[in-house]
Amino acid sequence: MDIIKILLVEPSHSIGEAITKSLQRAFGAEVIYFPDSASAVELIRKGENFSIVIARNHNEESPILPHDRIAEQLLNTIYDCSLKTPLIVIGDFEHTLKNYALVSEKFRIEEINRFVVKALGLKQNNYLHLKLPDYVPFAVKHFYLMTKSPCSIFIKLLKKSGDEFVKRLNLDENFNREDLKKYEELGLSDLYILKEDYEVFMNSLFEQTLSNLKTNKILEENVELVADSFVLSTDLMRTLGITPNCLAVVDQTISMMRTQILKADKIGPLLRKLLDDKMSYSYRHSYLISALAYTILPKMEWGSGDQQNILFEKICMVCYFHDVYLEDDKLIQISSLDDMRKAKLTVSEKDTLLNHAHKAAVLIQHYPKLPQGVDLIIKQHHGVANGYGFPESLTAAVSPMAIFFIVLEDFAKHILAINEPPEKLAHTMRAAIIPLKEKYQLPSYRKIVNELEIMMHPKASK
Ligand SMILES: [Fe+2]
Ligand SMILES: [Fe+2]
């Protein structure tokens, strides 16, 4: 069978990447990806042939990007060039030419694969055959919480004569984190499994990760353990969506962050451990916000015992999910229009950043038994009511829990940016609060800064 060549136009870079990977895995397809319609249209007009075109309906309203009616542009071009290329449109879309298929806005990545099978008239047998490349890559860091290989595991050697796969681990062979670190030090970022082992591997990956998380360890080890599951589960959720297997690891990760904070006699040792920059920034900032929230929540007069527990649970979920679409630490650290201007981002980085809050809020709506209001806090976690971009200036027109989160995140960001050893935590925190005192003048924000100050100087406040 000929290779399947797919033209994909999706304004969000991270979603585009996830769809691309999934199409490569499912069909061994060649995917040409663009974030906007112009280059895609040009390529079709030049006579380049595609098996299928997949396009978002349009981009989101944005101050920096012109409105782009992506699907309409592509459908018109296909029509003008008298082509019969099938078109799949993601999101609501209407056009007088009816020859396109629609995938809902809240799609899961696998749904697109099903549409491709249908649109290309692929036989089920062909589809199974093409489902995955012969050797399926997984990042080495995703193996951190495994200790036994559930199938043969390979490394890839780049040779002039073509890629060569060499078996490194046999079925049931044991390995540890140090072994994995050695691969990474050698510059190997991925390990490979045979496509026929995919299911077995995925099941074992989740099962071993979960059982490893459930072993009893001391605080410092636990914080490191959860760091690995945080990275694994957020990565997989970006590519696979919220699947039952994924959910189990996400739930366990959030619940461990929460119980570690609840069980800690003093919050100091936990905070100090989070200054260890060997763990991912994304994890450390999320965890730090949860820990700070736990200390400040009782001061907010938002209800008594039980209600506070529920609020804390919500905050932990927000901490885990709010930046799930930002893979790059550089983007996680940006929290204002000013930061964004200074960071000199590419158009697609800007697009990912400006959309991340809104996208994460949409993703979490699929979460079973979602506590009420979590999606709203995620959407507003940079202070904009509709979840798009950053505000020109801070306002009180967002939910009080979002304001609470914004100030704590800013504090966490400053704490992590001050590069002092963990023993100097108290000093670091005192320095981190200074810029906040100037920045937050509105009473609703100011109150949280005041409570943080009282937390640091309990005696002075009496
Ligand atoms: Fe964040
Ligand atoms: Fe964010």
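Readers should treat all values here as calculations from the given coordinates under stated rules, not as data from a laboratory. Since this is a predicted model, take the numbers as computed values, not measurements. Cβ: placed from backbone, ideal geometry, glycine included. Neighbour counts: every protein chain shown.
Tally Lys and Arg at +1 and Asp and Glu at -1 over the other residues with C-beta under 11 Å from the C-beta of residue 169: what net charge comes out? Could you put the intermediate results ahead of the total?
Details: positive: 148, 167, 168; negative: 172, 173, 179.
Taking every other residue near residue 169 into account, the sum is 0.
Within the chain, what is the longest stretch that has no GluC sites (Glu not before Pro) placed in a DSSP loop and near at most 14 other beta-carbon atoms within 10 Å? Write out the running numbers ahead of the final one.
On the way: sites that count: 48, 61, 94, 105, 173, 301, 392.
So the longest stretch without any such site is 174-300.
Hey, what angle do you get for helix 198-213 against the long axis of the chain, alpha-carbon based, 0 to 90 degrees rounded to 10?
10 degrees
Return the subset of 167/195; 5/118; 21/314; 182/217; 5/156 for which the Cα-Cα distance in this structure is over 22 Å, preserving the input order.
Numbers: 167/195 14 Å; 5/118 15 Å; 21/314 32 Å; 182/217 24 Å; 5/156 25 Å.
Correct reply: 21/314; 182/217; 5/156.
Projecting each Cα onto the charge dipole of the chain (Lys/Arg +1, Asp/Glu -1 at the beta carbon, about the Cα centre), which of 408, 449, 40 comes out farthest on the positive side?
449
Residue by residue through the range 275-281, which ³J(HN,Hα) values in whole Hz follow from phi under the Karplus form 6.51 cos²θ - 1.76 cosθ + 1.60 (θ = phi - 60°), with glycine and proline marked x?
7, 6, 7, 6, 8, 5, 4
Based on other C-beta atoms within 10 Å, arrange 381, 358, 95, 427 from fewest to most. All intermediate terms of the calculation are to be shown ahead of the outcome.
On the way: 381 27, 358 20, 95 16, 427 12.
So the ranking, lowest neighbour count to highest, is 427, 95, 358, 381.
Please list 3J(HN,Hα) in residue order for the range 291-296, calculated via the Karplus relation 6.51 cos²θ - 1.76 cosθ + 1.60 where θ = phi - 60°; whole Hz, with x for glycine and proline.
Karplus values, whole Hz, x for Gly and Pro: 5, 5, 4, 4, 6, 8.
Once you sort the root eigenvalues of the Cα gyration tensor of the range 5-130 as a ≥ b ≥ c, which label holds: rounded (a/c under 1.5), prolate (a/b larger than b/c) or oblate (the other case)?
Prolate, since a/c reaches 1.5 and a/b exceeds b/c.
Roughly what % antiparallel, to the nearest 5, for the DSSP beta bridges in the chain?
Values: 15 of 31 bridges.
Given both bridge residues lie in the chain, the antiparallel proportion sits at roughly 50 percent.
Could you go through the range 316-331 in sequence order and give the Karplus-derived ³J(HN,Hα) for each residue, using 6.51 cos²θ - 1.76 cosθ + 1.60 with θ = phi - 60°, rounded to whole Hz, and x for Gly and Pro?
Rounded to whole hertz, the list is 4, 5, 4, 4, 5, 8, 4, 10, 4, 8, 9, 7, 9, 3, 4, 6.
Roughly how many debye, to the nearest 20, is the charge dipole of the range 368-427 about its Cα centre, given +1 on each Lys and Arg Cβ, -1 on each Asp and Glu Cβ, and no other charges? Before the final figure, lay out the partial values.
Details: 4 positive and 6 negative charges, 40 e Å.
Using Cβ point charges on Lys, Arg, Asp and Glu, the range 368-427 gives about 200 debye.
By how many nm would the segment from residue 369 to residue 277 grow when fully extended, if each residue of separation counts as 0.36 nm and the alpha-carbon distance is taken off? Before the final figure, lay out the partial values.
On the way: separation 92, 0.36 × 92 = 33.12 nm, distance 3.38 nm.
Working it through step by step, the gained length comes to 29.7 nm.
For residue 168, which sequence-distant residues (separation of 5 or more, or a different chain) have an amide H within less than 5 Å of its own amide H, given hydrogens modelled in the peptide plane?
Those qualifying (amide H under 5 Å, at least 5 residues apart or on another chain) are 153, 154, 155.
For the chain, what is the mean residue ellipticity at 222 nm derived from helices alone (per DSSP H run of n ≥ 4: -39500 (n - 2.57); sum divided by total residues; nearest 500 deg cm²/dmol)? Before the final figure, lay out each step's value.
Working: 19 runs with 241 residues, N = 462.
Using -39500 (n - 2.57) per qualifying helix, the result is -16500 deg cm²/dmol.
Nearest 0.05, what FRET efficiency do residue 157 and residue 430 give at R0 = 45 Å with Cβ-Cβ as r?
Here the calculated transfer efficiency is 0.30.
Please identify the trypsin sites (Lys or Arg not before Pro) of the range 206-303 that satisfy two criteria: DSSP loop assignment and at most 16 other Cβ atoms within 10 Å. Which are they? Mind dumping the intermediate values first?
On the way: sites: 214, 217, 238, 258, 263, 266, 272, 273, 278, 284, 299; in loops: 214, 217, 266, 278.
Listed in order of number, the matching sites are 214, 217, 266, 278.
By how many degrees, 0 to 90 and rounded to 10, does the Cα axis of helix 109-119 deviate from the longest principal axis of the chain?
So the helix axis and the longest Cα principal axis differ by about 10 degrees.
Just going by the charge dipole of the chain, with Lys and Arg at +1 and Asp and Glu at -1 on Cβ, which of 169, 49, 293 is farthest out on the positive end?
The listed residue farthest towards the positive side: 293.
Which of the aspartates and glutamates could a cross-linker bridge to residue 369, judged by Cα under 16 Å and excluding same-chain residues fewer than eight apart?
Those aspartates and glutamates meeting the cut-off are 251, 313.
Relative to the first principal axis of the alpha-carbon coordinates of the chain, what is the inclination of helix 425-439, with its axis defined by its Cα atoms, in degrees from 0 to 90 and to the nearest 10?
For helix 425-439, the angle is close to 80 degrees.
In debye, nearest 20, what is the charge dipole magnitude of the chain about its Cα centre with +1 on Lys and Arg Cβ and -1 on Asp and Glu Cβ, if you could check?
500 debye
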